[in-house]
Amino acid sequence: MGVDQSLQLEITLFNLSIALYLLSMVLYLVFFIAKKERAGDFGSYLIKGGFMLHTVALGVRWVAAGRVPLSNQYEFATAFAWGIVLCFIIFEIKFSYKAMGTFVTPIAFLIMGYAAMQSKDIRPLMPALQSNWLSIHVGTAVISYGAFGVAAGVSLMYLLRNQFSNSPFVKKHLPDLSTLDLISYRAIALGFFFLTLVIVTGAIWAEQAWARYWSWDPKETWSLITWIIYAVYLHARIMRGWQGKKTALFSVIGFICVLFTYIGVNTLLPSIHSYALLLPFEW
């Protein structure tokens, strides 16, 4: 199969996966708003089906490009959404609360929508990106950002939890406040671990590529700001016993910083990382 045929197959799989994510999001909303349990079941099936197609799409692009597909805005955006869906599926299976899908799937779908607006052309890697650190550095960012996306959706559930009645449906399918707080905490702990690896591997890669570990570039600075926000969250929770609304707000603010670090900095701020509009913490 030629590159053009592989690219067309990848685009077809991408479009099918985004369609399944959209249908899944709608079904989760129907499940939550109209209290239709079957809709939640179908939504869960569809997001898993979309994830499988999405995974195959990334694999096809990997083979066609001859490199890990994480080197431009489109590739990282679709991998970002893949990471959110992966983390969501893991947490949904672990905690068995389909109502999480009502708040998390819109985030994944919006990231996929952003990916759909980017150029899907396959281009050779620039010399600075021809390194084994690419897959390690950006792969950890995918998991980190995905976990933070799940945490943000769950934190929104926490902030809105008291607005919902305590009907039998809500009690069965919507976690109580303490459980929501726990799920968000575990997702953030996972994301923070991988974000730390993102920064460390980025610094090592920078030293090899540019002979310096840190240059206070806007992308680096905002990555550090994001790390500090989540570090404050974890410190306040573990050392000072913070829980509830304050930590939920920290989670949402942290994810806004994640989005700004990825999209806002590339779009609004001049950066050495913008030479190819590439990565969340690229060198």
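Couple of notes before you dig in:
- Selected residue (only one of LEU58, LEU70, LEU7 is under 24 Å from GLN130 (Cβ atoms), in contact (Cβ under 8 Å) with a residue 24 or more places away in the chain and assigned to a loop (DSSP other than H, G, I, E, B)): LEU70
- Looking only at residues in the stretch 227-279 that are at positive phi and either more than 22 Å from the chain's Cα centre (by Cα) or loosely packed, with under 14 Cβ neighbours inside 10 Å (or both), the one that is modelled with the lowest pLDDT is GLY241.
This table checks each residue for (1) among the small types (Gly, Ala, Ser); (2) crowded, with 20+ Cβ neighbours inside 10 Å.
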site	(1), (2)
ALA64	yes, yes
GLU75	no, yes
PHE80	no, yes
ILE90	no, no
GLY101	yes, yes
VAL104	no, yes
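- Of all residues in the stretch 131-140, one or more are among the hydroxyl-bearing types (Ser, Thr, Tyr), at pLDDT below 85 and in a loop (DSSP other than H, G, I, E, B).
- Scanning the stretch 145-165 for residues that are of a type in the set (S, T, N, Q) and either assigned to a helix (DSSP H, G or I) or in contact with a Phe, Trp or Tyr (Cβ under 6 Å, 6 or more places away or on another chain) (or both) yields SER155, ASN162, GLN163.
- The stretch 94-130, residues that are in a loop (DSSP other than H, G, I, E, B), at pLDDT below 90 and not polar (S, T, N, Q): TYR97, LYS98, ALA99, LYS120, ASP121, ILE122, ARG123, PRO124, LEU125, MET126
- From GLY146, GLY101, GLY113, GLY66, residue being out of contact with any helix residue (DSSP H, G or I) (no Cβ under 8 Å at 6 or more places or on another chain) and among the small types (Gly, Ala, Ser): GLY66
The values are calculated or read from the model by the stated rules, or taken from the named source; none is laboratory data. None of these values were measured; they are calculated from a predicted model. All Cβ positions, even for glycine, are placed from backbone atoms using ideal geometry, and neighbour counts span all protein chains on display.
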